[in-house]
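Heads up, the thing below is written out as structure tokens.
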Amino acid sequence: MARQPFVVVAMVNRRGQGRSVGVTPAVHGDAVWFAATETDWKVDHLRHQSEVSATVPVRRGGLLALVAPIPPATITFRATAQVVPAGDAPAPVRKRLLRGLTEPDSERGDVVMVRLTPHGDFVTYGIGVPLRLLVDTERARGRVPVARG
């Protein structure tokens, strides 16, 4: 999951409506992080309701994916979101997510980090399964408990 460039985070807004957003993640320890600004709508939604669902698409298929429509494998999990000042995030997370910003820029009040702490199970589809078996949804699905370290 740490090598994937994209995560979709699904949340609920103040009116109870579902919303989703694609983010660039950084995995550090037992958490998935992403950067945002204080005024982003997603930050407002996460402060109102911190329980989210996240889905990580995992590209697969190698060269075959260039000529055939191969859906990505996925890893989905439930998580609790916590919005923190950028300066409170671990240094490796800030380095990955704030590329191009100098340290003083990253400490501005409008830049925040969101920490997603997974819980429950990681639900997978197509992870470790040969392409020919993806049509069998029972064999293509998996479930792994989130380990606490």
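Annotations
- The dipole here belongs to the chain: it is taken about the Cα centre, uses +1 on the Cβ of Lys and Arg and -1 on the Cβ of Asp and Glu, and is about 460 debye.
- Here the Gaussian network model covers the chain, with springs between Cα atoms less than 10 Å apart; of L66, L133, L46, L66 fluctuates the most.
- Were the residues from L63 through T39 laid out at 0.36 nm apart, the gain over their Cα-Cα distance would be 4.5 nm.
- Just so you know, the Cα atoms of the chain work out to an Rg and Dmax of 16.8, 52 Å.
- When the Cα positions of H48, A10, L66 are compared along the charge dipole of the chain, L66 comes out farthest toward the positive end, with charges on each C-beta of Lys, Arg, Asp and Glu.
- Residue of L64, L97, L116 that the Gaussian network model of the chain assigns the largest fluctuation, springs spanning Cα pairs under 10 Å: L64
- Residue-span extension gain [S20 to T80] - 0.36 nm each, minus C-alpha spacing: 20.1 nm
- Comparing P57, P118, P71 in a Gaussian network model of the chain where C-alpha atoms under 10 Å apart are linked, the largest mean-square fluctuation is found at P71.
- Taking label points 7 Å from Cα along the Cα-to-Cβ direction, A147 and A10 give a separation of 2.7 nm.
Rule-based calculations on the coordinates, nothing more; no lab input. This is a predicted model, so every value here is computed, not measured. Here the Cβ is made from the backbone with ideal geometry for all residues, glycine too, and neighbour counts use every protein chain on show.
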